[in-house]
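Let me begin by presenting the structure, written as structure tokens, before commenting on it.
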């Protein structure tokens, strides 16, 4: 976790040339008006060029994010953060359906 007193803003930049992009001109004009700001992103879990840092950075360039640095928060790997009272879904066998995470005192249920 970073503790550098910067304003960090998630800007959905989407897939390469994707239809759901915020207008780059809007982000480019807004970002300098927020003091000490950094645009942040994270790699995604689904199949995508944004699934790993190298191709994620290429997607940023493709979509016009060349006017400022973008911090890919998990560029150096994942961080495991314990949640008191919850069961880790990583210790469960793979299931074909989604799970609802419940406190450790109750069971998980299939959705």
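The values are calculated or read from the model by the stated rules, or taken from the named source; none is laboratory data. For clarity, every value in this text was computed on a predicted model and none was experimentally measured. Cβ coordinates were reconstructed from backbone atoms using ideal geometry, including for glycine residues, and neighbour counts include every protein chain displayed.
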Criterion violated by residue 59 - all others in (1) surrounded by fewer than 13 Cβ atoms within 10 Å (Cβ to Cβ); (2) under 18 Å from residue 16 (Cα atoms) satisfied: (1)
Scope segment 42-64; condition out of contact with any helix residue (DSSP H, G or I) (no Cβ under 9 Å at 6 or more places or on another chain) and assigned to a loop (DSSP other than H, G, I, E, B); matching residues: 46, 47, 52
Residue check, residue 111 in contact with a strand residue (DSSP E or B) (Cβ under 6 Å, 6 or more places away or on another chain), surrounded by fewer than 10 Cβ atoms within 10 Å (Cβ to Cβ) and at pLDDT below 75: yes
Failed condition for residue 39, given (1) in contact with a helix residue (DSSP H, G or I) (Cβ under 7 Å, 6 or more places away or on another chain); (2) assigned to a strand (DSSP E or B); (3) modelled with pLDDT under 85: (3)
Residue selected from segment 65-108 under the condition part of a strand (DSSP E or B) and outside the structural domain of residue 37 (by TED's automatic domain parsing), by the criterion modelled with the highest pLDDT: 86
